[in-house]
Structure formats: C-alpha cells, structure tokens
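Input: a single structure, listed below in structure tokens.
The values are calculated or read from the model by the stated rules, or taken from the named source; none is laboratory data. Everything quoted here is computed from the prediction, not taken from an experiment. Here the Cβ positions follow ideal geometry from the backbone for every residue, glycine too, while neighbour counts run over all protein chains shown.
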Amino acid sequence: MYKQALNIGDAWSVLLRFVEAGTFTVTKEMFHKMNALVAKVESLEWGKFRTGSVGIAGTEYYEASLAGIRGDIRSRNRDYTRLLQCRGKSY
C-alpha cells in the first residue's frame with residue numbers, strides 16, 4: 001500500500017509536467033505511460049491494458065470484454081461527433 005501511494009505521487013508529478021509543457025494528450029500511449037507509473041509492482045503487468053477478465057471480490061460482477069468496451073467507445077464517439085456537428089445550429 002505504501003508503494004502504491006508513492007507511485008501515485010510520481011504519476012501526478014509526471015502528469016503535471018506534461019500539462020505544464022502543453023504536451024498532455026489523451027491517447028492509448030499516454031494511458032500506458034501513466035498506468036506504468038501508477039501500477040508499477042502493484043499489478044501483474046503494468047503499462048498495458050489488462051488481457052484477462054476482472055471481477056470484484058464478494059460480487060458476481062465481471063468486467064465487460066475488450067470487444068464490448070471498444071464497441072461502447074465507438075458508439076460514444078459517434079454520439080460526440082453528432083453533438084459537435086449540431087453545435088451552433090438551432091432547431
């Protein structure tokens with residue numbers, strides 16, 4: 001737990017440097033960089049997306065499949081694109 005707190009502190013420092021330099025972007029690569037810092041030594045694999053299913057102890061919940069998550073992202077991106085296209089138009 002102590003190491004996790006240090007990892008989070010390191011990740012915040014790096015994130016702030018990216019933001020201050022104007023180089024922070026929301027990308028898969030940036031996620032991997034930040035995850036590598038936060039999850040270092042706390043996870044089986046860090047700096048990459050999980051490949052197996054994930055559950056919450058004491059519940060029957062399991063995380064959606066990667067294909068399902070990608071479908072959700074595509075759907076939300078389409079909705080966002082439609083919203084941007086409507087911006088400035090009156091109905």
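Are any residues in segment 38-71 modelled with pLDDT of 80 or more and part of a helix (DSSP H, G or I), and if so, which ones?
If we filter segment 38-71 for residues that are modelled with pLDDT of 80 or more, which is where we start, we get 38-40, 58-59.
Hit for segment 38-71 is 38, nothing else.
Looking only at segment 1-15, how many residues end up being assigned to a helix (DSSP H, G or I), over 19 Å from the mean Cα position of the chain (by Cα) and not hydroxyl-bearing (Ser, Thr, Tyr)?
Step one: filter segment 1-15 for residues assigned to a helix (DSSP H, G or I), giving 2-15.
Still in the list and also over 19 Å from the mean Cα position of the chain (by Cα): 2-3, 6.
Remaining after also requiring not hydroxyl-bearing (Ser, Thr, Tyr): 3, 6.
Within segment 1-15, residues that are assigned to a helix (DSSP H, G or I), over 19 Å from the mean Cα position of the chain (by Cα) and not hydroxyl-bearing (Ser, Thr, Tyr) number 2.
Taking the residues in segment 16-36 that are within 13 Å of the chain's Cα centre (by Cα) and of a type in the set (A, V, I, L, M) as candidates, determine which candidate is surrounded by the fewest Cβ atoms within 10 Å (Cβ to Cβ). Walk me through how you get there before you give the answer.
Pass one, segment 16-36, residues within 13 Å of the chain's Cα centre (by Cα): 25-36.
From the residues that got through so far, the ones that are of a type in the set (A, V, I, L, M) too are 26, 30, 34, 36.
Details: 26: 6, 30: 14, 34: 17, 36: 17.
Checking each candidate, the answer is 26.
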